[in-house]
Amino acid sequence: MLAEAYYWGPIAQFELPDFGGGEPKIQIGYLAGFGETEADGHFQLKLELEY
């Protein structure tokens, strides 16, 4: 049977000032595993640039 991974945790998102026609966003957080993935946790860093 395939185990499914479930994670939860706080995530903060920041929008930076526009530069060169794009809008940068940064998202950072720590996600803790539960259920089958209880011992697993990971940091998440997401960088996004919207035009």
Residues of segment 1-21 satisfying the condition of being modelled with pLDDT under 90 and part of a loop (DSSP other than H, G, I, E, B): MET1, LEU2, ALA3, GLU4, ALA5, LEU16, PRO17, ASP18, GLY20, GLY21
Filter pass, TYR7 being without any contact (Cβ under 8 Å) to a residue 60 or more places away in the chain and open to solvent by less than 90 Å² (accessible area, probe 1.4 Å): yes
Members of segment 22-43 found to be open to solvent by 50 Å² or more (accessible area, probe 1.4 Å), part of a strand (DSSP E or B) and not hydroxyl-bearing (Ser, Thr, Tyr), listed by number: GLU23, ILE26, ILE28, PHE34, HIS42, PHE43
Subset of segment 10-21 (residues that are open to solvent by 90 Å² or more (accessible area, probe 1.4 Å) and not charged (D, E, K, R)): PRO10, GLN13, PHE14, PRO17, PHE19
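The values are calculated or read from the model by the stated rules, or taken from the named source; none is laboratory data. Since this is a predicted model, take the numbers as computed values, not measurements. Quick reminder, even Gly has a Cβ in these numbers, built from the backbone with ideal geometry, and neighbours come from all protein chains shown. We work out accessible area using only protein heavy atoms, side chains counted, and drop any ligands, DNA or RNA first. Shrake-Rupley method; radii C 1.70, N 1.55, O 1.52, S 1.80 Å.
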